[in-house]
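The values are calculated or read from the model by the stated rules, or taken from the named source; none is laboratory data. In this text, all values refer to a predicted model and were calculated from it rather than measured experimentally. A quick note on method: Cβ atoms are made from the backbone with ideal geometry, for glycine too, and the neighbour counts reach across all protein chains shown. Surface accessibility is based on the protein's heavy atoms, side chains included, excluding ligands, DNA and RNA. Shrake-Rupley method; radii C 1.70, N 1.55, O 1.52, S 1.80 Å.
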Amino acid sequence: MTGASAVSVFGLGKLGSPMAACLASKGVQVIGVDLDERKVSALNAGKPPVFEPQLADYITKGREWLRATTDPTEAVLKSQISFIIVATPSEASGEFSLRYALPVCEQIGAAIAQKKDYHLVVMTSTVMPGHTGGPIREVLEKASGKTCGTGFGLCYSPEFIALGSVVRDFMNPDFLLIGESDAKAGALLEATYLNVVDNRPKVARMNWVNAELTKIAVNTYVTTKIAYANMLAHVCERLPGADVDVVTGALGMDSRIGAKYLKGAIGYGGPCFPRDNFAFGALARAKGVPALLAEQTDRSNRDEVGRLVNLVQRHLPPGGTVAILGIAYKPATDVIVESQGLMLAEKLAGQGIPVTAFDLAAMDNAKAVLGDRVRFVGSPRDCVHGADVVVITLPCEEYLAIGPEDFGGKHWTKDGQPTVIDCWRLFRNKGKDLTCATNYVTIGTGR
């Protein structure tokens, strides 16, 4: 089967805009749909509606095939596939809400009712197992007056992409996950993806519920690896001569384990990992199944920021100040959801400790949350100058420009030097030396 020549993308946020741009960059006609007229206008003007590396370049590449509208009916009528990539926020129970997704499904279904040609709907947003075949299918059938699997196709196909590298991840997926209503729907989606991506990924096609479970299972497993590596880091810190990078480097050589995400440092954050792990636990509990591993992983991760606070306090002299380099949850993004750097700043400032902060992309978002409780500065050098404890929470190579001459302050530790807590061992791993100017502390090494 040949892939679709025209698609619509509902939701032009952090994931939808890059998806639309990537598809258009390979010559697929793309109509982006969003209620936010600012995003629509930006995309029609050839500008990124959101911050994401490489997005501007891909919008330029696909400019001829990319446009946006606020009219959902037009988008469906002029496309063969509609991708839904809107927010599915977490409820207090841990389950994902469909309060934004179902109205979009209703709009798409109403437009499908006007079509004679086959149309495929793809739910790309993360949903709970049972949602695609349950309320999503039901709304589409009711609004369209057609039967799923014959009158239209429905797939669940979430992306395994990370903010800061969305474009690269979309164009080079490890594998494609497709939950399908029928073989025709799955084949059309598979062909469309394979016409666009730069690599030749494996394709996993299955029913809806297996695909839904696979999505949250993947992220739950990854968070378990991160928590395990952090546990190893804690142990290494208490063993003279131990080094978590050496240990995890050897572990990653075992094909049963693998090296990805096996990096002892600080807790994970962001809009996916914490909530997917929590959702898996909620699903298991609802089915009467113990989810001890997922629950302990979540609990362990939430303890990480407290451990970091205690480490800072041990090295902070009376009246001292703290500098934090990195407020986003990871490099190359402005997202601060569940960010370890943000939570560290909040907790220290809440204790009355003066905090100075810098981030390469997330300053505006951080200011909106932290306000005047934290002093924000314009460069890494301005951030560290005068601080008694500097915490490097993100492995951003731009921070390597800091040198011994950039430190100095009115308070000093007992050995006459400020303290740098390098959570990711950035300077050591890049062969840079701060030990001559600071009390240099690396998480995960026994000293």
Checklist entry - Any residue at all in the range 8-15 that is surrounded by fewer than 22 Cβ atoms within 10 Å (Cβ to Cβ) and in contact with a strand residue (DSSP E or B) (Cβ under 7 Å, 6 or more places away or on another chain)? => result no
Next on the checklist: I'd like to check which strands (runs of 3 or more DSSP E) are fully inside the range 299-398 and have at least 3 residues that are open to solvent by 10 Å² or more (accessible area, probe 1.4 Å) and either over 25 Å from Asn230 (Cβ atoms) or out of contact with any helix residue (DSSP H, G or I) (no Cβ under 7 Å at 6 or more places or on another chain) (or both).
Outcome noted: none
Checklist entry - Name the residues in the range 407-447 that are at pLDDT below 85 and of a type in the set (Asp, Glu), would you? => result Asp415, Asp433
Next on the checklist: Yes or no: the range 375-388 includes at least one residue that is basic (Lys, Arg) and without any contact (Cβ under 8 Å) to a residue 40 or more places away in the chain.
Outcome noted: yes
Checklist entry - Does the range 42-61 include one or more residues that are hydroxyl-bearing (Ser, Thr, Tyr), touching a residue at least 24 places away in the same chain (Cβ under 8 Å) and under 30 Å from Gly134 (Cβ atoms)? => result no
Checklist entry - When the range 74-92 is examined, which residues are found to be surrounded by 15 or more Cβ atoms within 10 Å (Cβ to Cβ) and part of a helix (DSSP H, G or I)? => result Ala75, Val76, Leu77
Checklist entry - Has the range 132-148 got any residue that is in contact (Cβ under 8 Å) with a residue 24 or more places away in the chain, outside any helix (DSSP H, G or I) and crowded, with 16+ Cβ neighbours inside 10 Å? => result yes
Checklist entry - Limited to the range 174-207, what total is found for residues that are open to solvent by 50 Å² or more (accessible area, probe 1.4 Å) and in a helix (DSSP H, G or I)? => result 3
Checklist entry - Here are Val40, Val9, Val50, Val86: which of them is within 22 Å of the chain's Cα centre (by Cα) and farther than 22 Å from Leu154 by Cβ? => result Val50
Checklist outcome for this item: A careful count of residues in the range 418-437 that are closer than 14 Å to Phe407 by Cβ and either β-branched (Val, Ile, Thr) or open to solvent by less than 60 Å² (accessible area, probe 1.4 Å) (or both) gives 9
Next on the checklist: I need a count of the residues in the range 359-403 that are in contact with a Lys or Arg (Cβ under 9 Å, 6 or more places away or on another chain) and either of a type in the set (Phe, Trp, Tyr) or at positive phi (or both).
Outcome noted: 2
Checklist outcome for this item: Across (1) open to solvent by 20 Å² or more (accessible area, probe 1.4 Å); (2) in contact (Cβ under 8 Å) with a residue 40 or more places away in the chain, Phe96 clears everything bar (1)
Item to check | Residues (surrounded by fewer than 22 Cβ atoms within 10 Å (Cβ to Cβ) and in contact with a strand residue (DSSP E or B) (Cβ under 8 Å, 6 or more places away or on another chain)) located in the range 208-218 | outcome: Val209, Asn210, Thr214
Checklist entry - Got a number for residues in the range 220-268 being open to solvent by 50 Å² or more (accessible area, probe 1.4 Å) and β-branched (Val, Ile, Thr)? => result 4
Checklist outcome for this item: Cβ pairs under 8 Å, 6+ apart or interchain, first in the range 176-202 and under 17 Å from Ala6 (Cα atoms), second in a helix (DSSP H, G or I) and not hydroxyl-bearing (Ser, Thr, Tyr), ordered by first then second residue, are Val196/Cys22; Val196/Leu23; Val196/Met171; Val197/Phe170; Val197/Met171
Checklist entry - How many of the residues in the range 285-298 are under 15 Å from Asn219 (Cα atoms) and open to solvent by less than 70 Å² (accessible area, probe 1.4 Å)? => result 5
Checklist entry - What residue, among those in the range 218-265 that are among the polar types (S, T, N, Q) and in contact with an Asp or Glu (Cβ under 7 Å, 6 or more places away or on another chain), is nearest to Asn429 (Cα to Cα)? => result Asn230
Item to check | Ile31 vs. criteria modelled with pLDDT of 95 or more, under 26 Å from Cys155 (Cα atoms) and within 21 Å of the chain's Cα centre (by Cα) | outcome: no
Next on the checklist: Given the options Gly288, Gly264, Gly258, Gly270, name the one that is within 23 Å of Gly371 (Cα to Cα), small (Gly, Ala, Ser) and in a loop (DSSP other than H, G, I, E, B).
Outcome noted: Gly270
Item to check | Hey, Val40 closer than 22 Å to Val196 by Cα and of a type in the set (A, V, I, L, M, F, W, C) or not | outcome: no
